[in-house]
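Asker: Quick one: the structure is below, questions incoming.
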Amino acid sequence: MAPSTQFELPQPPTDAVSSLVFSPDSSHRLLVSSWDKHVYLYQITEGEGDNANLLNKYEHRAPVLDVCFGDASNNEAYTAGMDRQVKKIDLTSGEQTVLSKHSEPVRCVVYSSAHNLLVSASWDNTLHVHKLSDPGSDPLVIPLPGKPHALSSSPTKLVVAMTARLVHIYDLPTLAAATSPPAPWQTRESSLKFLTRAVACMPNDAGYATSSIEGRVAVEWFEDTPESQARKYAFKCHRQAAPEEEGGGDIVYPVNALAFHPVYGTFASGGGDGTVALWDAEAKRRMRQYQKFPEAVASLGFSGDGKYLAIGVCPGFETGMEDYTGQGRTRVFVRELGETEAKGKGTK
(Lines give C-alpha, C1' and ligand atoms only; values in the text may rest on other atoms or scores of the structure.)
Protein backbone atom coordinates (compact mmCIF):
# COMPACT_ATOMS: atom_id res chain seq x y z
CA MET A 1 0.00 0.00 0.00
CA ALA A 2 1.38 3.39 -0.98
CA PRO A 3 1.96 5.66 2.02
CA SER A 4 0.39 9.10 2.14
CA THR A 5 2.49 12.11 1.20
CA GLN A 6 1.92 15.84 1.44
CA PHE A 7 3.29 18.77 -0.53
CA GLU A 8 2.71 22.51 -0.74
CA LEU A 9 1.57 24.43 -3.81
CA PRO A 10 3.98 27.03 -5.19
CA GLN A 11 2.88 30.63 -5.71
CA PRO A 12 -0.10 30.52 -3.34
CA PRO A 13 -2.67 33.32 -3.11
CA THR A 14 -1.47 36.49 -1.40
CA ASP A 15 -4.56 36.71 0.83
CA ALA A 16 -7.04 34.33 2.45
CA VAL A 17 -8.32 31.28 0.56
CA SER A 18 -12.11 31.38 0.11
CA SER A 19 -12.55 28.02 -1.63
CA LEU A 20 -10.72 25.31 -3.54
CA VAL A 21 -12.03 22.64 -5.85
CA PHE A 22 -10.62 19.86 -8.01
CA SER A 23 -11.85 19.28 -11.53
CA PRO A 24 -14.53 16.54 -11.44
CA ASP A 25 -12.75 14.74 -14.28
CA SER A 26 -9.09 15.32 -13.53
CA SER A 27 -7.53 14.90 -10.11
CA HIS A 28 -4.59 16.95 -11.40
CA ARG A 29 -6.36 20.29 -11.90
CA LEU A 30 -7.19 22.44 -8.89
CA LEU A 31 -8.89 25.85 -8.70
CA VAL A 32 -8.35 28.15 -5.71
CA SER A 33 -10.28 31.39 -5.13
CA SER A 34 -8.98 34.12 -2.86
CA TRP A 35 -9.68 37.41 -1.15
CA ASP A 36 -6.74 38.75 -3.20
CA LYS A 37 -9.21 39.15 -6.14
CA HIS A 38 -7.82 36.22 -8.12
CA VAL A 39 -8.66 32.65 -9.06
CA TYR A 40 -5.65 30.32 -9.40
CA LEU A 41 -5.44 27.22 -11.62
CA TYR A 42 -2.84 24.63 -10.59
CA GLN A 43 -1.65 21.46 -12.28
CA ILE A 44 -0.54 18.61 -10.01
CA THR A 45 2.22 16.37 -11.38
CA GLU A 46 2.59 12.78 -10.26
CA GLY A 47 5.81 10.89 -9.89
CA GLU A 48 8.80 11.02 -7.63
CA GLY A 49 8.18 13.85 -5.18
CA ASP A 50 4.68 14.97 -6.19
CA ASN A 51 4.39 18.67 -6.76
CA ALA A 52 2.35 21.23 -8.68
CA ASN A 53 2.73 24.30 -10.81
CA LEU A 54 0.61 27.38 -11.33
CA LEU A 55 -0.90 27.28 -14.83
CA ASN A 56 -2.78 30.56 -14.74
CA LYS A 57 -4.45 33.16 -12.58
CA TYR A 58 -7.58 35.13 -13.38
CA GLU A 59 -8.04 38.62 -11.98
CA HIS A 60 -11.40 39.90 -10.70
CA ARG A 61 -12.48 43.37 -9.60
CA ALA A 62 -13.08 42.35 -6.00
CA PRO A 63 -12.44 39.43 -3.63
CA VAL A 64 -13.63 36.08 -5.02
CA LEU A 65 -15.75 34.16 -2.48
CA ASP A 66 -16.31 30.88 -4.34
CA VAL A 67 -15.32 28.98 -7.47
CA CYS A 68 -16.41 25.76 -9.18
CA PHE A 69 -15.60 23.91 -12.39
CA GLY A 70 -18.18 23.81 -15.16
CA ASP A 71 -18.66 21.35 -17.98
CA ALA A 72 -16.79 18.09 -18.44
CA SER A 73 -14.18 19.60 -20.75
CA ASN A 74 -12.47 21.12 -17.68
CA ASN A 75 -12.12 24.40 -19.51
CA GLU A 76 -14.87 26.34 -17.76
CA ALA A 77 -15.11 27.73 -14.26
CA TYR A 78 -17.71 29.83 -12.46
CA THR A 79 -17.06 32.38 -9.74
CA ALA A 80 -18.98 34.28 -7.06
CA GLY A 81 -17.60 37.51 -5.71
CA MET A 82 -17.80 40.67 -3.68
CA ASP A 83 -18.37 42.54 -6.96
CA ARG A 84 -21.91 41.04 -6.86
CA GLN A 85 -21.37 39.20 -10.14
CA VAL A 86 -21.61 35.56 -11.18
CA LYS A 87 -18.96 34.98 -13.84
CA LYS A 88 -17.95 32.28 -16.26
CA ILE A 89 -14.22 31.94 -16.98
CA ASP A 90 -12.80 30.29 -20.08
CA LEU A 91 -9.76 28.71 -18.43
CA THR A 92 -7.90 28.46 -21.74
CA SER A 93 -8.35 32.00 -23.07
CA GLY A 94 -8.96 33.72 -19.73
CA GLU A 95 -12.09 35.39 -21.10
CA GLN A 96 -14.66 36.25 -18.44
CA THR A 97 -18.41 36.53 -19.04
CA VAL A 98 -20.92 37.94 -16.56
CA LEU A 99 -23.86 35.51 -16.24
CA SER A 100 -25.90 37.51 -13.75
CA LYS A 101 -25.70 40.32 -11.21
CA HIS A 102 -26.99 40.23 -7.66
CA SER A 103 -27.67 43.35 -5.57
CA GLU A 104 -25.27 42.22 -2.81
CA PRO A 105 -22.07 40.11 -2.78
CA VAL A 106 -22.42 36.56 -4.11
CA ARG A 107 -21.36 34.03 -1.46
CA CYS A 108 -21.53 30.66 -3.27
CA VAL A 109 -21.77 28.95 -6.66
CA VAL A 110 -22.59 25.30 -7.35
CA TYR A 111 -22.61 23.53 -10.72
CA SER A 112 -24.74 20.44 -11.41
CA SER A 113 -23.46 18.57 -14.46
CA ALA A 114 -26.41 16.15 -14.46
CA HIS A 115 -28.90 19.00 -14.83
CA ASN A 116 -26.61 21.57 -16.54
CA LEU A 117 -27.48 24.14 -13.88
CA LEU A 118 -25.40 26.76 -12.14
CA VAL A 119 -26.85 28.04 -8.88
CA SER A 120 -25.55 31.14 -7.12
CA ALA A 121 -26.46 32.26 -3.60
CA SER A 122 -26.13 35.92 -2.62
CA TRP A 123 -26.33 38.00 0.53
CA ASP A 124 -29.24 39.78 -1.20
CA ASN A 125 -31.29 36.77 0.03
CA THR A 126 -31.76 35.18 -3.38
CA LEU A 127 -30.67 32.18 -5.40
CA HIS A 128 -30.08 32.62 -9.13
CA VAL A 129 -30.65 29.41 -11.11
CA HIS A 130 -28.82 29.64 -14.44
CA LYS A 131 -29.96 27.16 -17.10
CA LEU A 132 -26.74 26.77 -19.05
CA SER A 133 -28.42 24.91 -21.91
CA ASP A 134 -30.18 28.23 -22.68
CA PRO A 135 -27.31 30.72 -22.39
CA GLY A 136 -29.32 33.78 -23.40
CA SER A 137 -32.03 33.29 -20.80
CA ASP A 138 -32.34 35.24 -17.57
CA PRO A 139 -31.68 33.26 -14.40
CA LEU A 140 -34.62 32.07 -12.32
CA VAL A 141 -34.58 34.17 -9.14
CA ILE A 142 -35.66 32.40 -5.96
CA PRO A 143 -36.18 34.55 -2.84
CA LEU A 144 -34.77 33.18 0.42
CA PRO A 145 -36.00 33.87 3.97
CA GLY A 146 -32.46 34.56 5.22
CA LYS A 147 -28.93 35.38 4.16
CA PRO A 148 -27.24 32.26 2.67
CA HIS A 149 -23.90 31.23 4.13
CA ALA A 150 -23.26 27.83 2.54
CA LEU A 151 -24.45 25.85 -0.47
CA SER A 152 -23.86 22.26 -1.59
CA SER A 153 -25.36 19.84 -4.09
CA SER A 154 -25.72 16.06 -4.34
CA PRO A 155 -26.84 14.24 -7.51
CA THR A 156 -30.50 15.31 -7.02
CA LYS A 157 -30.55 17.84 -4.16
CA LEU A 158 -29.36 21.34 -3.37
CA VAL A 159 -28.90 22.36 0.29
CA VAL A 160 -28.91 26.06 1.27
CA ALA A 161 -27.87 26.95 4.82
CA MET A 162 -28.90 30.43 5.98
CA THR A 163 -28.94 32.72 8.99
CA ALA A 164 -31.39 32.04 11.83
CA ARG A 165 -30.66 28.28 11.52
CA LEU A 166 -32.74 28.03 8.34
CA VAL A 167 -32.02 25.20 5.89
CA HIS A 168 -33.81 24.83 2.55
CA ILE A 169 -33.42 21.72 0.40
CA TYR A 170 -34.35 21.97 -3.29
CA ASP A 171 -34.91 19.17 -5.77
CA LEU A 172 -32.56 19.71 -8.73
CA PRO A 173 -34.79 18.10 -11.39
CA THR A 174 -37.60 20.42 -10.23
CA LEU A 175 -35.27 23.45 -10.45
CA ALA A 176 -34.18 22.42 -13.95
CA ALA A 177 -37.79 22.26 -15.16
CA ALA A 178 -39.12 25.31 -13.29
CA THR A 179 -40.25 28.47 -15.04
CA SER A 180 -41.23 30.22 -11.80
CA PRO A 181 -39.65 29.93 -8.33
CA PRO A 182 -40.54 26.52 -6.91
CA ALA A 183 -41.09 25.86 -3.23
CA PRO A 184 -38.28 24.04 -1.42
CA TRP A 185 -38.52 20.26 -1.41
CA GLN A 186 -37.97 20.47 2.36
CA THR A 187 -37.42 23.22 4.92
CA ARG A 188 -35.57 22.43 8.12
CA GLU A 189 -34.15 24.07 11.18
CA SER A 190 -30.44 23.45 11.64
CA SER A 191 -29.48 20.95 14.33
CA LEU A 192 -26.73 23.42 15.29
CA LYS A 193 -27.54 26.35 17.57
CA PHE A 194 -25.00 28.77 16.10
CA LEU A 195 -24.18 30.24 12.69
CA THR A 196 -23.60 27.66 9.94
CA ARG A 197 -20.12 27.89 8.45
CA ALA A 198 -20.13 25.01 5.93
CA VAL A 199 -22.40 22.42 4.33
CA ALA A 200 -21.44 19.35 2.28
CA CYS A 201 -23.70 16.78 0.62
CA MET A 202 -23.03 13.06 0.70
CA PRO A 203 -21.93 11.75 -2.71
CA ASN A 204 -24.47 8.89 -2.47
CA ASP A 205 -27.37 11.40 -2.40
CA ALA A 206 -28.48 10.24 1.07
CA GLY A 207 -27.92 13.35 3.18
CA TYR A 208 -25.56 16.12 4.22
CA ALA A 209 -23.34 17.48 6.99
CA THR A 210 -23.27 21.04 8.34
CA SER A 211 -20.78 22.76 10.63
CA SER A 212 -20.95 25.84 12.83
CA ILE A 213 -18.77 28.57 14.29
CA GLU A 214 -19.18 26.82 17.65
CA GLY A 215 -17.06 23.71 17.09
CA ARG A 216 -19.83 21.32 16.09
CA VAL A 217 -20.82 19.19 13.10
CA ALA A 218 -24.28 17.75 12.39
CA VAL A 219 -25.04 14.83 10.05
CA GLU A 220 -28.56 14.48 8.59
CA TRP A 221 -30.38 12.35 6.02
CA PHE A 222 -32.74 13.59 3.30
CA GLU A 223 -35.40 10.91 3.66
CA ASP A 224 -38.25 12.42 5.65
CA THR A 225 -39.30 9.37 7.63
CA PRO A 226 -39.22 9.05 11.43
CA GLU A 227 -36.63 6.25 11.12
CA SER A 228 -34.37 8.32 8.88
CA GLN A 229 -34.70 11.47 10.97
CA ALA A 230 -33.96 9.50 14.14
CA ARG A 231 -30.50 8.75 12.69
CA LYS A 232 -29.38 12.40 12.63
CA TYR A 233 -26.80 13.44 15.18
CA ALA A 234 -24.38 16.23 16.07
CA PHE A 235 -21.03 16.17 17.81
CA LYS A 236 -18.36 18.47 19.20
CA CYS A 237 -15.00 18.82 17.45
CA HIS A 238 -12.14 21.25 16.82
CA ARG A 239 -11.77 22.15 20.47
CA GLN A 240 -8.73 22.38 22.69
CA ALA A 241 -8.44 22.25 26.45
CA ALA A 242 -7.86 25.70 27.94
CA PRO A 243 -4.99 26.06 30.42
CA GLU A 244 -6.02 25.42 34.02
CA GLU A 245 -4.62 28.82 35.04
CA GLU A 246 -7.15 30.38 32.68
CA GLY A 247 -10.01 28.49 34.26
CA GLY A 248 -9.86 25.28 32.21
CA GLY A 249 -12.73 24.19 30.00
CA ASP A 250 -12.62 24.17 26.19
CA ILE A 251 -11.34 26.67 23.67
CA VAL A 252 -13.91 26.33 20.88
CA TYR A 253 -12.99 26.96 17.23
CA PRO A 254 -15.19 27.42 14.16
CA VAL A 255 -15.44 24.43 11.80
CA ASN A 256 -14.79 26.28 8.54
CA ALA A 257 -14.79 23.46 6.00
CA LEU A 258 -16.37 20.08 5.24
CA ALA A 259 -15.77 17.71 2.32
CA PHE A 260 -17.04 14.18 1.63
CA HIS A 261 -14.76 11.55 0.16
CA PRO A 262 -16.24 10.67 -3.27
CA VAL A 263 -15.51 6.94 -3.01
CA TYR A 264 -15.81 5.97 0.65
CA GLY A 265 -18.40 8.51 1.85
CA THR A 266 -16.34 9.46 4.90
CA PHE A 267 -15.77 13.17 5.39
CA ALA A 268 -13.09 15.66 6.39
CA SER A 269 -13.55 18.69 8.64
CA GLY A 270 -11.20 21.66 8.95
CA GLY A 271 -11.19 24.14 11.80
CA GLY A 272 -9.89 27.37 13.21
CA ASP A 273 -7.63 25.27 15.42
CA GLY A 274 -5.47 24.48 12.37
CA THR A 275 -6.41 20.81 12.25
CA VAL A 276 -8.08 18.49 9.73
CA ALA A 277 -9.95 15.39 10.92
CA LEU A 278 -11.43 12.45 8.99
CA TRP A 279 -14.79 11.09 10.18
CA ASP A 280 -16.86 7.99 9.51
CA ALA A 281 -20.40 9.36 9.23
CA GLU A 282 -22.07 5.95 9.53
CA ALA A 283 -19.98 4.73 12.46
CA LYS A 284 -20.16 8.16 14.13
CA ARG A 285 -16.49 8.28 14.96
CA ARG A 286 -13.26 10.06 14.17
CA MET A 287 -10.90 7.99 12.05
CA ARG A 288 -7.81 10.20 12.26
CA GLN A 289 -6.58 13.71 12.87
CA TYR A 290 -3.67 15.17 10.93
CA GLN A 291 -0.81 17.22 12.28
CA LYS A 292 -1.57 20.83 13.10
CA PHE A 293 -1.21 23.33 10.24
CA PRO A 294 0.47 26.70 10.81
CA GLU A 295 -2.81 28.67 10.53
CA ALA A 296 -6.56 28.04 10.52
CA VAL A 297 -7.96 25.62 7.93
CA ALA A 298 -10.25 27.68 5.68
CA SER A 299 -11.22 25.26 2.91
CA LEU A 300 -11.04 21.58 1.95
CA GLY A 301 -11.62 19.62 -1.25
CA PHE A 302 -11.19 15.99 -2.33
CA SER A 303 -10.27 15.13 -5.90
CA GLY A 304 -12.92 13.25 -7.91
CA ASP A 305 -11.08 9.93 -7.54
CA GLY A 306 -10.51 10.50 -3.82
CA LYS A 307 -6.73 10.35 -4.20
CA TYR A 308 -5.95 13.89 -3.07
CA LEU A 309 -7.18 16.20 -0.32
CA ALA A 310 -6.45 19.90 -0.84
CA ILE A 311 -6.24 22.08 2.27
CA GLY A 312 -6.37 25.89 2.23
CA VAL A 313 -4.65 27.43 5.26
CA CYS A 314 -4.66 31.11 6.32
CA PRO A 315 -5.13 33.22 9.46
CA GLY A 316 -8.70 32.95 10.73
CA PHE A 317 -10.85 36.00 11.32
CA GLU A 318 -11.35 34.63 14.84
CA THR A 319 -7.79 35.74 15.71
CA GLY A 320 -9.20 39.22 16.42
CA MET A 321 -6.60 41.03 14.29
CA GLU A 322 -7.82 44.57 13.71
CA ASP A 323 -6.21 44.91 10.30
CA TYR A 324 -6.87 41.45 8.93
CA THR A 325 -4.59 40.14 6.22
CA GLY A 326 -3.62 36.71 5.02
CA GLN A 327 -0.65 38.14 3.13
CA GLY A 328 2.44 35.97 3.39
CA ARG A 329 0.60 33.51 5.65
CA THR A 330 -1.71 31.83 3.12
CA ARG A 331 -0.67 28.35 2.01
CA VAL A 332 -2.28 25.48 0.11
CA PHE A 333 -1.29 21.89 0.88
CA VAL A 334 -2.20 18.77 -1.10
CA ARG A 335 -2.20 15.43 0.68
CA GLU A 336 -1.99 12.28 -1.40
CA LEU A 337 -3.97 9.71 0.58
CA GLY A 338 -2.90 6.14 1.21
CA GLU A 339 -5.18 3.57 -0.42
CA THR A 340 -7.32 2.94 2.68
CA GLU A 341 -6.62 6.18 4.55
CA ALA A 342 -10.14 7.54 4.07
CA LYS A 343 -11.92 4.19 4.14
CA GLY A 344 -14.43 3.83 6.97
CA LYS A 345 -13.95 1.03 9.43
CA GLY A 346 -17.68 0.22 9.58
CA THR A 347 -19.77 0.52 12.71
CA LYS A 348 -18.37 -0.95 15.85
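Asker: Which one, 207, 228, 179, is farthest towards the positive end of the dipole of region 148-256 when Lys and Arg carry +1 and Asp and Glu -1 on their Cβ?
Answerer: 179
Asker: Counting only heavy atoms of protein chains, what accessible area per residue, in Å², does the chain have with a probe of 1.4 Å?
Answerer: Per residue, the chain has an accessible area of 43 Å².
Asker: Measure off, as a whole percent, the carbon and sulfur share of the 1.4 Å-probe accessible area of the chain, all protein chains present.
Answerer: 47
Asker: About its Cα centre, how strong a charge dipole does the chain have in debye, to the nearest 20, once Lys and Arg get +1 and Asp and Glu get -1 at the Cβ?
Answerer: For this selection, approximately 600 debye.
Asker: Quote the relative contact order of region 16-126 in percent (integer), defining contacts as alpha-carbon pairs under 8 Å separated by 6+ residues.
Answerer: Relative contact order here is 18 percent.
Asker: Mean separation of Cα pairs under 8 Å and 6+ residues apart, divided by the residue count of the chain: what relative contact order is that in percent?
Answerer: It rounds to 14 percent for the chain.
Asker: Please tell me the relative contact order of region 193-341 in percent, rounded to the nearest whole number, where contacts are Cα pairs under 8 Å and at least six residues apart.
Answerer: RCO, region 193-341: 15 percent.
Asker: For semi-axes √(5λ) of the Cα gyration tensor in Å, several values are listed as (i) 41, 26, 20; (ii) 33, 24, 19; (iii) 28, 25, 21; flag the one computed from this structure.
Answerer: It is the value labelled (iii).
Asker: Turning to a different aspect of this structure: Work out the FRET efficiency for residue 345 and residue 147 from their Cβ-Cβ distance, taking R0 = 30 Å, and round it to the nearest 0.05.
Answerer: Efficiency, rounded to the nearest 0.05: 0.20.
Asker: Then there's this: Cβ under 12 Å from residue 12's Cβ, residue 12 left aside: what net charge do those residues give with Lys, Arg +1 and Asp, Glu -1?
Answerer: -1
Asker: Of 70, 271, 94, which has the largest mean-square fluctuation in a 10 Å C-alpha GNM of the chain?
Answerer: 94
Asker: Further question on the same structure: Excluding residues on the same chain fewer than 8 positions from residue 292, give the lysines whose Cα lies under 22 Å from its Cα.
Answerer: Once the sequence-local lysines are set aside, what remains near residue 292 is 236, 307, 343.
Asker: Divide by every residue of the chain the summed helix terms, -39500 (n - 2.57) for each DSSP H run of at least 4, and state the resulting mean residue ellipticity at 222 nm, rounded to the nearest 500 deg cm²/dmol.
Answerer: Taking each H run of at least 4 residues, the total per residue is -500 deg cm²/dmol.
Asker: Can you tell me which of 272, 249, 301 moves the most in a GNM of the chain? Springs connect C-alpha atoms under 10 Å apart.
Answerer: 249
Asker: On to the next question. How much length would be gained if the chain were fully extended between residue 231 and residue 179, taking 0.36 nm per residue of separation minus their Cα-Cα distance, in nm to one decimal?
Answerer: 15.2 nm
The values are calculated or read from the model by the stated rules, or taken from the named source; none is laboratory data. In this text, all values refer to a predicted model and were calculated from it rather than measured experimentally. All Cβ positions, even for glycine, are placed from backbone atoms using ideal geometry, and neighbour counts span all protein chains on display. The area values use the complete protein model at the heavy-atom level, side chains included, leaving out ligands, DNA and RNA. Shrake-Rupley method; radii C 1.70, N 1.55, O 1.52, S 1.80 Å.
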